[in-house]
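Please read the structure below before turning to the comments.
The values are calculated or read from the model by the stated rules, or taken from the named source; none is laboratory data. Keep in mind that what you see is a predicted model, and the values were worked out from it rather than measured. Here the Cβ positions follow ideal geometry from the backbone for every residue, glycine too, while neighbour counts run over all protein chains shown. Note: accessible area is taken over every heavy atom of the protein model, side chains too, but ligands, DNA and RNA are not part of it. Shrake-Rupley method; radii C 1.70, N 1.55, O 1.52, S 1.80 Å.
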Amino acid sequence: MSQYEPQSEKATMSNDTFNLDKDQLIQRAFDQMEQHIQGTGYSLRQKLALTCRILFDNGHDSGLAGQITARMEQPGTFLTQRLGLGFDEISANNLLLVDENLQVLEGDGMANPANRFHAWVYRARPDVRCIIHTHAVHTAALSMLEVPLEVSHMDNCVLYDDVAFLPKWPGVPVGNEEGELIASALGNKRALLLAHHGLLVACGSIEEACLLSLAFERAARMHLLAASAGKIQPIDPELGREAHDWILRAQRSAAAFAYYARRSLKQPHNADCVRE
């Protein structure tokens, strides 16, 4: 929950900003975001496919490993990619609609059996609309050290105090036991580092999940670089939470997602991804 609440129009929208304190300036920026930044206009299927291409283009390629799902309106159903396709091959028209038992309701092929743990997370977290799991290389390398991700830089504060840690590797996550374990370890956080495995992000929108996955891998890379040079120093918790709330806004997520979508769609190999 953000620490910033709506303030008077006079306090937040005055043209004379040099008499405002930091909280008022932050609120003013939020109000302007509400007014000026709109959604992308992509359908849910297109956003899910775009996320796959964005992740692939930004270091989350690990062959056929990893999954992405988006909760649908019909209870117990979600969209996911077809087993056998890499993230760089996912398009809006080849996604599968499946139920909690991973039975295909729409589309051709089969879902990844590891999607079972997604169903456990959705059951435990009604607020979650999208789940991403990847084996991005820096995250995977950090997971081998059996230590939590350290968030100690402004750019990574979107994850501040929002990353859980599962120190035990349960093996291939295709059983119900693994689903219960992962959902429990995630708790009320938006992200989870799984030892000897990779990352999990569970968010209220596809845009937010995409951006937190990108941030997670960047934070893991920075953790490894910093730790190789010395001891990572913590940041002030209050400032970390302030930065978390500043970055994690729906409007900022929409703008950032639109940027990454534009960047990926400039690449010829992604031209087919938004076709429905």
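Just a few scattered comments:
- Within the accessible surface of the range 44-270, defined with a 1.4 Å probe on protein heavy atoms only, the carbon and sulfur portion equals 53 percent.
- Pairs of lysine residues in the chain - Cα separation under 23 Å, sequence separation of 8 or more or cross-chain: 4
- Backbone phi angles across the range 228-240, fed through the Karplus curve with coefficients 6.51, -1.76 and 1.60 (θ = phi - 60°), yield HN-Hα couplings of 6, 9, x, 7, 6, 9, x, 9, 4, x, 5, 6, x Hz in residue order; Gly and Pro are listed as x.
- At R0 = 41 Å, FRET efficiency that the Cβ-Cβ distance of residue 137 and residue 108 yields, to 0.05: 0.85
- Total formal charge among the other residues, if their Cβ is under 9 angstrom from that of residue 137, Lys/Arg +1 and Asp/Glu -1: -1
- Angle in degrees between helix 22-36 and the longest Cα principal axis of the chain, rounded to the nearest 10: 60 degrees
- Residue (of 255, 130, 197) at the positive-pole extreme of the range 44-270, dipole from beta-carbon charges: 255
- Phi to ³J(HN,Hα) by Karplus 6.51 cos²θ - 1.76 cosθ + 1.60 over the range 199-209, Hz, x for Gly, Pro: 10, 10, 10, 9, 9, x, 8, 5, 4, 5, 4
- Rounded to 5, percent antiparallel among DSSP beta bridges of the range 44-270: 85 percent
- Percentage relative contact order, the chain, counting C-alpha pairs under 8 Å, at least six apart: 23 percent
- DSSP-loop GluC sites (Glu not before Pro) across the range 26-114, with at most 10 other Cβ within 10 angstrom: 73
- Solvent-accessible heavy-atom area per residue, rounded to whole Å², over the range 143-257 at 1.4 Å: 46 Å²
- For the range 44-270, a simple Cβ point-charge model (Lys and Arg +1, Asp and Glu -1, everything else neutral) yields a dipole of about 400 debye relative to the Cα centre.
- Whole-Hz couplings from phi, Karplus 6.51/-1.76/1.60, listed for the range 134-151; x for Gly and Pro: 9, 10, 3, 4, 6, 5, 4, 5, 4, 5, 6, 7, 6, 10, x, 5, 9, 9
- For residue 82, the residues whose modelled amide H falls within less than 5 Å of its own, excluding neighbours fewer than 5 places apart on the same chain, are 96.
- Principal axis extents of the Cα atoms in the chain, from largest to smallest and rounded to whole angstrom, are 61, 45, 36.
- Leading residue at positive end of dipole, the chain (Cβ point charges), from 235, 38, 92: 92
- Stretching the chain fully between residue 229 and residue 146 yields a gain of 28.0 nm (0.36 nm per residue, less the alpha carbon separation).
- Calculated FRET efficiency for the pair residue 19/residue 236, C-beta based, R₀ 30 Å, to 0.05: 0.70
- Sites residue 127 and residue 176 - FRET efficiency at Förster radius 25 Å, r taken between beta-carbons, to 0.05: 0.70
- Magnitude of the charge dipole, the range 113-218, Cβ model with Lys/Arg +1 and Asp/Glu -1, debye to 20: 260 debye
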